[in-house]
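We did not get these values from a lab; they are worked out from the coordinates using the rules stated. Fair warning: this is a prediction, and the values are worked out from it, not measured in the lab. Heads up, the Cβs are rebuilt from the backbone with ideal geometry, glycines too, and the neighbour counts pull from every protein chain shown.
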Amino acid sequence: MTPSSSTTSGREGEVDAGGERPTTAPRWPEITIALTAVALTGSVLLLANAIELRLELPGLTPRSWPTFLGALGLGLSLILLVTALVKAPRPNTDNEATTRPGWIKLLLAVAATIAFIVVWPLTAFVVAAPVFVSAVTAIGGGRGIRALIIYPVVMTGALYAMFNLLLRVPL
Amino acid sequence: MNPLESGLSAVLDPVTLLCLMIGLLVGTLVGVFPGITGSMAVALAAGFTLTLEPVQGLAVLLSIYVGANYGDRIPAILVNTPGTPAAIATTFDGYPMAKQGKAGLALVVSALASTVGILVSMVVFIIAAQPVAKLALNFGPPEMFALVVFGLTIMISISSKSIVKGVLAGAVGLTLGTIGRDPITGDQRFTFGLNDLSGGLDFIAVIIGLFGIAELFDQLLTHREQKTKPISSLGRWWPTKKEYKEMGKPMALSTGVGIVVGIVPAAGGDIAGLIGWDRARAVSKNKDKFGKGSIEGITAADGASSATLGGSLITTMALGIPGDSVMAVMIGSMIIWGLQPGPQLFTNNPDLVVSIAAIMIVATVVSLGISLVRMRGMVKLMDLPNYYIWSAILIFCVVGTYTVTNNMYTVIVMLISGVIGLVMKRTGFPAGPVVLGLLLGPLAEANLRRALLIDGPTIFFTQPISAVMLALAAVAILVPIIAKVRAARRGTVDPGSLEDRLADRTQREAAESKSER
């Protein structure tokens, strides 16, 4: 798929007004990734050393394997960091460029999912689910009665019937 | 009843057959919609099948696997967009055929090649799986540990553009596998006093997050309106005698390629399709027709990618190492049903192995039937707006995950895994090694500790099988590193992962073939 010219942005990784990918890549994304990896794997190493042992056994203890993995991860993260600092970064050609409306859709979809997770136990599946499906359909660009009312109700009914009646799993 | 009768009768049960038909329908639909992969669909369905009997659940999951393998060829041929990565090579000759008014013929040739590929690979599975499992029964702790390391490194070398990021992803997966109680002493690790974590991270929630939610979020992030109208003039359907004859040689070659690639842990239909197309072109008398609508080309691509299914099953069921990403999900579901894929499966549940083979064969034959019925309805489905698919995937992910434990905590794990998966995807960390690490981590740790306790560290290098597997694992990691160093010295472009290199090369060659006209 090729980027279209439907979005405009000057942010890294997003397509520009002409739909072209950036030709140069900044250094900070790889450095941020590497620093995050160093922090996470360093934490794993510290937490692994803090694992409480109820009894000392010969050979490897429950601490050993996580400690090894933490140390391996930290070593690899440091290699990533050095590479990010030393090597000239290349533009990311593996992923399609993001779009500003895409970011908005993503954040709204995550927010809707979190809201659904909170509301579902407080109400009932048959109440929360159609609202959730309708919201996500609207976020995706769906409009009209068929997309925002009929489809969510049918989807909820199908899921409810499948789980409660066929699979005997209460929702 | 002997295992053969018992396994077959379980498949012929009406409920199992109904599950199989549902799975095929879902799988075909999944294949038709570009962006929904087989692993994503199987991960989603895993949440729904856990309450079923194992054979019924496997009927759903395996038939999705088979159905997606047929459905993904439809958009590849009609809109030049592979429904799943396994159909990349189908586009090389399928779409040019469709543009020449031979879309119907391309669909039939593709379906026939896929059917032969799967059925031959299933014969190999039936013949080879038990001897492989018997051999694996002799594996002790050092061999099992070496096998896990081998599987993980192969997946890293195949799927990662950056070996460092791939190994790091594998290490993260192995670390996630340590969360919960220690498998030998029962000590709590990384649980932070939370009761929900003492049983470990829920595997299904993590894979639905990494394969389902992350992919969906990425589509939301990058989607642009694009309308490529499917080719509607399908033309004639059935090949002539001459065309059947043309299919023979590439069929035989590509099926062999597909089975071998399928056996390699973590290598799937995308790689096999590309290699199969490339090799068939190399030995063909009509090289110049490849990429321009060659029947040999489409036969080779689809025969090879489909033949990986049986090879992949051998590795998964006989060794307990996933043959591809769909099989990784399958192993997770089987573990939840109390079944451990691997050599013990053939001893403890021989009837289930028979059922698995029977499900695959029945699903393949039925899929061929569905493919030969002129699927104008399926083609119309490609016009369905994305917002319906996105909202359906999201609600299925949430509900499917919730039903695994009936606990909202599992849904939260899935959502967090999805966000992490998206970040990984955008930053070049492959998700496959994380899943494999999480899945096989406890097995690796337990066997490492046993081996060291019993025999000490030298045992890994004095036992021939473990020594060979560890050596192969080292080669799998070193070869891409050496290739990168060489490319850097020559000042050429980073060669990327094996998948990238194969896709780049064959796509370039297919484009060159077209421009030579």
So how far, in whole Å, is the C-alpha centre of the range B:85-129 from the one of the range B:4-37?
19 Å
Over 22 Å between Cα atoms, which of B:Lys165/B:Lys425; A:Lys105/B:Lys161; B:Lys289/B:Lys484; B:Lys242/B:Lys285 qualify?
A:Lys105/B:Lys161; B:Lys289/B:Lys484
Per DSSP helix of 4 or more residues, -39500 (n - 2.57); summed, then divided by the residues of chain B. What does that give at 222 nm, rounded to the nearest 500?
-24000 deg cm²/dmol
Semi-axes of the protein assembly as shown's equivalent ellipsoid from the Cα gyration tensor, sqrt of 5 times each eigenvalue, largest first, rounded to whole Å?
35, 30, 29
Please identify the trypsin sites (Lys or Arg not before Pro) of the range B:373-465 that satisfy two criteria: DSSP loop assignment and at most 14 other Cβ atoms within 10 Å. Which are they?
B:Arg374
Calc'd 3J(HN,Hα), the range A:98-112, phi into Karplus 6.51 cos²θ - 1.76 cosθ + 1.60 (θ = phi - 60°), Hz, glycine/Pro = x, comes to 7, 10, 5, x, x, 4, 5, 4, 4, 4, 5, 5, 5, 4, 5
Compactness of the range B:25-166 as Cα Rg over 2.2 N^0.38 Å, two decimals
1.28
Given a cut-off of under 8 Å on Cα pairs at least six residues apart, what relative contact order in percent is computed for chain B?
28 percent
Distance from the Cα centre of the range A:144-171 to that of the range A:121-141, in angstrom?
11 Å
Computed over the range A:36-77, the relative contact order (Cα-Cα under 8 Å, seq sep at least six) in percent reads 60 percent
Starting at the first residue of the range B:278-288, write each ³J(HN,Hα) from the Karplus equation 6.51 cos²θ - 1.76 cosθ + 1.60 with θ = phi - 60°, in whole Hz, x for Gly and Pro.
5, 5, 5, 5, 4, 9, 6, 7, 10, 3, 5
Counting Lys and Arg as +1 and Asp and Glu as -1 over every other residue whose Cβ sits under 15 Å from the Cβ of B:Asn447, the net charge comes to -2
Within 10 Å of each Cβ of B:360-367, how many other protein chain Cβ atoms are there on average?
0
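How much net charge surrounds B:Asp302 when only other residues with a Cβ under 11 Å from its Cβ are counted (Lys, Arg +1; Asp, Glu -1)?
-1
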Using a 10 Å cut-off around each Cβ, can you sort B:Met330, B:Met408, B:Met360, B:Met247 from fewest to most neighbouring Cβ atoms?
B:Met408, B:Met247, B:Met360, B:Met330
Calc'd 3J(HN,Hα), the range B:188-194, phi into Karplus 6.51 cos²θ - 1.76 cosθ + 1.60 (θ = phi - 60°), Hz, glycine/Pro = x, comes to 7, 10, 6, 9, 6, x, 8
Kindly provide the trypsin sites (Lys or Arg not before Pro) of the range B:257-353 that DSSP labels as loop, not H, G, I, E or B, and whose Cβ sees at most 11 other Cβ atoms within 10 Å.
B:Lys285
Below 8 Å, C-alpha to C-alpha, sequence gap of six or more: please give me the relative contact order for the range A:100-166 in percent.
28 percent
Mind listing which chymotrypsin sites (Phe, Trp or Tyr not before Pro) in the range B:243-325 are in a DSSP loop and have 10 or fewer other Cβ atoms within 10 Å?
none
Across peptide B:174-183, what mean number of C-beta atoms from other chains lies inside 10 Å of a residue's C-beta?
4
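Tell me the Kirkwood hydrodynamic radius of the range A:100-166 in angstroms, computed as one over the mean inverse distance between distinct C-alpha pairs.
With all distinct Cα pairs of the range A:100-166 included, I get 12.5 Å.
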How big is D for the range B:274-404, in µm² s⁻¹ as a whole number, if Stokes-Einstein is applied with the Kirkwood radius of its Cα pairs at 4 °C and 1.567 mPa s?
71 µm²/s
Between the range B:425-472 and the range B:380-410, how far is it from one alpha carbon centroid to the other, in angstrom?
34 Å
Test of understanding: express the Cα radius of gyration of the range A:28-86 as a ratio to 2.2 N^0.38 Å, with N the residue count.
1.36
Translational diffusion coefficient (Stokes-Einstein; Kirkwood radius from C-alpha pairs) of the range B:228-320 at 25 °C, 0.890 mPa s, in µm²/s:
176 µm²/s
May I ask you to work out the translational diffusion coefficient for chain B at 25 °C, viscosity 0.890 mPa s, via Stokes-Einstein with Rh from the Kirkwood sum over Cα pairs, reported in whole µm²/s?
106 µm²/s
